[in-house]
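Structure, as structure tokens:
The values are calculated or read from the model by the stated rules, or taken from the named source; none is laboratory data. All of these numbers come straight from a predicted model, not from anything done at the bench. Here the Cβ is made from the backbone with ideal geometry for all residues, glycine too, and neighbour counts use every protein chain on show.
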């Protein structure tokens, strides 16, 4: 008979030990990616909330007694068109923001241009501080209305978070790691591509998420310059003083923003380098 | 080596006078100056020195003396203001800096592993830059993990944060050696780990160096480390001025000036402890038993030898525990848990390390292991003090003979 029992090991359990597989699959997967409880909550709660609220809205829409103006504006076909327009505005502006800000941000951490970084950030900050309605109206006076004017306005508005986070993300990479990379013979470009960018990705993606939400919210102003979007429901509600339209518009925009923020978090998680 | 051709060929050069394999090459610095703009005095003030092929040279000095700057000029992380540096006779400015660095190993404090890469990817960084084939890189990675004492199957796919400090440092050493560079630069390589781990890593490095014979330049702030690891020690003062550049024995026996004497420390006789290795001592015999052996038999043998504990070995003759007899008496078959805290002493460890280990164990003695952690014997306090007395006596004799 064995007298001694082996004490439990103090070392962290191997990823391949059976204890680890006992938990449910998604929890194990998230835990291994280093995702905390808070993040898990942020991933699960918003889509549930959005879904519940939307179901509530559908029930109300199908059962409420609406006058002709309301019924016309709240037709499912109209709402779908406005939602698609809104998504289109958001997506196109976001792509433009990413394509401009990330390379610009990288450039502003390299060599001699590095010194211009505070200046560029300052300008971007000032742009961000200007009221969004003002920016869009100014662009309207200058370029006329329509989809692309709205896109320019939204892109200008969304650049700052991505630009700032790209610069901070790269600057925050441990300088000894950069020196180690150069020390083992990576060129400056290889160091950027293999070390600095992968390690900066979480910070950059957080910027992209902020930017997405900002753009999705600001896109509700696009209707003022004939570029459509869910703002139209809100605007009609205000001009014709229909309370139901105002609430519907505000609600749908808020739900969309929450959903986009959630997608941003998923992207952040997907792009986070392993081991960090 | 039986014949010596006067025209030395690389094949001749590959072994030194003791027949040890040498894969390193000579490094020579001539009148190297580094002046930073806006500073009155140069950080490195006309440094000239030769690092012989296959030797370990330790750079040591007070902080800010320019030792790290001097090191980084060898792989052009810092460009000298003037002067020349040659490696194997070739001026390093004649080569592209990035390509030069791929042929020089670089090991940094704490390992500086890339956190988003697995252990294998970290080691493979330089082979990939040199465009080795996948298979060759993978084979080399296995080989190196084995060399630094990590189980490849277990650690290859782990990320750095899943490793202990000592393990990270081991991977850092493996990364530095990946492309088999003739020259390896180390910047306080073992500064970030605890003393026991540091001692282990130093012993392992000595073993690796014995096998490979690289030219190693290593910056340290620990004089005991310098004495233990260095074939030569270079003591710097402010501005990277050379105060003394000699073997540890000579520096301890005859410090060139007061600066060196102060730096090496007043207790130089005690520092000699860092020069003598455990394998120079007569190791004591101890009662050993294998896991699962008859406990009563082991107790009997230990009592016959007048000992109150038994060294328990595993099936590969590695010591795993050192239990007292009273514990074994209650067992029929020896069954002891593997004790993580069992600190053993490599046979290449210094007497200084041996005393450290004894102080931290409850036995006033330490288990000595050889290659692959195989059990060799036990060294006790008595034999260390005897060795010191013998050394002192012979030193006195030598002095009397001279006068």
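Of the residues examined, residue B:193 is one that is surrounded by 18 or more Cβ atoms within 10 Å (Cβ to Cβ) and closer than 22 Å to residue B:372 by Cβ. Residues in segment B:364-381 that are crowded, with 16+ Cβ neighbours inside 10 Å and over 13 Å from residue B:204 (Cβ atoms): B:365, B:366, B:367, B:368, B:375, B:376, B:377, B:378, B:379, B:380. Tell me whether segment B:389-399 contains one or more residues that are touching a residue at least 60 places away in the same chain (Cβ under 8 Å) and either surrounded by fewer than 17 Cβ atoms within 10 Å (Cβ to Cβ) or closer than 27 Å to residue B:225 by Cβ (or both). Among the residues of segment B:389-399, at least one is touching a residue at least 60 places away in the same chain (Cβ under 8 Å) and either surrounded by fewer than 17 Cβ atoms within 10 Å (Cβ to Cβ) or closer than 27 Å to residue B:225 by Cβ (or both), which makes the answer yes. Here is the figure for segment A:222-233: residues that are surrounded by fewer than 22 Cβ atoms within 10 Å (Cβ to Cβ) and in a helix (DSSP H, G or I) total 2.
Residue A:183 meets all of the listed conditions (1) within 14 Å of chain B (Cβ to nearest Cβ); (2) more than 17 Å from the chain's Cα centre (by Cα); (3) surrounded by fewer than 20 Cβ atoms within 10 Å (Cβ to Cβ) but one, namely (3).
Among the numbered conditions (1) farther than 23 Å from residue A:56 by Cβ; (2) in contact with a helix residue (DSSP H, G or I) (Cβ under 7 Å, 6 or more places away or on another chain), the only one that residue A:261 does not meet is (1).
Looking across segment B:208-224, the residues that are within 24 Å of residue B:125 (Cβ to Cβ) and not in a loop (DSSP other than H, G, I, E, B) come down to B:208, B:209, B:211, B:212, B:215, B:216, B:217, B:218, B:219.
Residue-wise test of (1) surrounded by fewer than 19 Cβ atoms within 10 Å (Cβ to Cβ); (2) farther than 17 Å from residue B:292 by Cβ.
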site: B:306; (1), (2): yes, yes
site: B:309; (1), (2): no, yes
site: B:317; (1), (2): yes, no
site: B:330; (1), (2): yes, no
site: B:334; (1), (2): no, no
site: B:337; (1), (2): yes, no
site: B:354; (1), (2): no, yes
site: B:357; (1), (2): no, yes
site: B:361; (1), (2): yes, yes
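Annotation note: of A:117, A:130, A:216, A:126, the sole residue that is away from chain B (no Cβ under 13 Å), in contact with a helix residue (DSSP H, G or I) (Cβ under 8 Å, 6 or more places away or on another chain) and at pLDDT below 90 is A:117. Filtering segment B:214-242 to residues that are over 19 Å from residue B:274 (Cβ atoms) and surrounded by fewer than 20 Cβ atoms within 10 Å (Cβ to Cβ) leaves B:237, B:238, B:239, B:241, B:242. Of all the listed residues (B:33, B:25), the sole one being part of a loop (DSSP other than H, G, I, E, B), modelled with pLDDT of 85 or more and touching a strand residue (DSSP E or B) at 6+ places or on another chain (Cβ under 8 Å) is B:25.
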